[in-house]
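The values are calculated or read from the model by the stated rules, or taken from the named source; none is laboratory data. Just so you know, these numbers come straight off a predicted model, no measurement behind them. Every residue, glycine among them, receives a Cβ derived from its backbone with ideal geometry; neighbour counts consider all protein chains shown. Calculation scope for accessible area: heavy atoms of the full protein, side chains included, ligands and nucleic acids excluded. Shrake-Rupley method; radii C 1.70, N 1.55, O 1.52, S 1.80 Å.
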Amino acid sequence: MSGGSGKGGGGGSSGRGGLHVRVKTARKRSVSSTRWLQRQLNDPYVRRAQAEGYRSRAAYKLIELDEKFGFLKKARAVVDLGITPGGWSQVTRKTNPRARVVGIDLLACEPIEGVEILEMDFMDDAAPDRLIEALGSAPDLVISDMAANTVGHPQTDHLRTIGLAETAADFAVQTLVPGGAFVAKVFAGGADRELLSLLKRHFTTVKHAKPPASRKGSPELYVIAQGFKGRRMDKANG
Ligand SMILES: C[S@@+](CC[C@H](N)C(=O)[O-])C[C@H]1O[C@@H](n2cnc3c(N)ncnc32)[C@H](O)[C@@H]1O
């Protein structure tokens with residue numbers, strides 16, 4: 001375990017100068033897991049996360065999105081959907097130590113200083129109330145890196161992850177304070193039209209971005225919605 005207070009976020013080594021590691025296919029290891037292991041060992045973001053005390057390479061996706069869109073510094077009450085292993089919450093607290101953060105995940109997450117963690121399914125009807133109760137106020141930032149377990153069928157994986165993003169967006173629209181922001185993982189592939197139209201109705205700006213830390217071959221990208229217009233919009237838009 002790398003510890004919650006990691007010293008990540010500043011400068012640090014990119015790990016690019018390191019040796020390339022080759023992994024031989026062991027008898028009990030499949031070709032695909034050998035390939036995964038080799039990619040992990042040679043990934044500069046993995047090395048950097050280890051060196052800087054972040055629990056996941058995903059931490060750098062949030063850092064890079066925040067560098068471009070600047071939503072972390074002003075956040076005071078943050079909900080992290082799909083928190084485990086905890087990289088995004090570490091980044092949030094590191095960037096903004098005054099932020100209160102509540103995270104939720106199906107999987108257990110090691111404690112992070114200043115972060116309350118709920119181990120439960122976000123799709124459970126009770127989850128929204130539990131999150132707001134734990135936060136003690138309405139959030140001004142909802143971040144979601146939730147991904148459905150992939151089944152290897154791209155269309156199914158895409159639809160399941162979009163389903164999570166849509167539920168996360170509904171939660172954001174129901175709970176955010178005016179001016180708040182929403183950031184979520186989606187998959188490229190065209191099935192997110194409803195999600196975009198919901199976000200465009202409720203936020204002043206809605207953008208897509210693929211941070212450099214997101215692997216090139218992956219269909220993953222992020223939607224960043226800023227300037228929540230408030231729930232009055234529901235009546236105006238029917
Ligand atoms: C890519 S990981 C998140 C990584 C995290 N942002 C970080 O930086 O460490 C996606 C997480 O979403 C969680 N997840 C998927 N479906 C979920 C659900 N219905 N409720 C809660 N968490 C869920 C998974 O268990 C997984 O831990």
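Based on the alpha-carbon gyration tensor of segment 55-237 and its eigenvalue square roots a ≥ b ≥ c, which shape applies: rounded if a/c is under 1.5, prolate if not and a/b is larger than b/c, or oblate?
On the way: a/c = 1.26, a/b = 1.04, b/c = 1.22.
Rounded.
With +1 on each Lys and Arg Cβ and -1 on each Asp and Glu Cβ, and nothing else charged, work out how big the dipole of segment 55-237 is about its Cα centre, in Debye to the nearest 20.
With Lys and Arg at +1 and Asp and Glu at -1, about 980 debye.
Testing the spin-label approximation: label points 7 Å from Cα along Cα→Cβ at Arg232 and Glu194. State their distance in nm.
2.9
Please calculate how many Å² of accessible area segment 151-238 carries per residue, with a 1.4 Å probe and no DNA, RNA or ligand atoms counted.
Value returned for segment 151-238: 48 Å² of accessible area per residue.
Hey, any idea what % of segment 55-237's accessible area is carbon plus sulfur with a 1.4 Å probe?
Heavy-atom surface of segment 55-237 belonging to carbon and sulfur, 1.4 Å probe: 52 percent.
At 0.36 nm per residue, minus the direct Cα-Cα distance, what do Ser218 and Gln155 gain on full extension? Give it in nm, one decimal, please.
Stretched fully, the Ser218-Gln155 segment lengthens by 21.3 nm.
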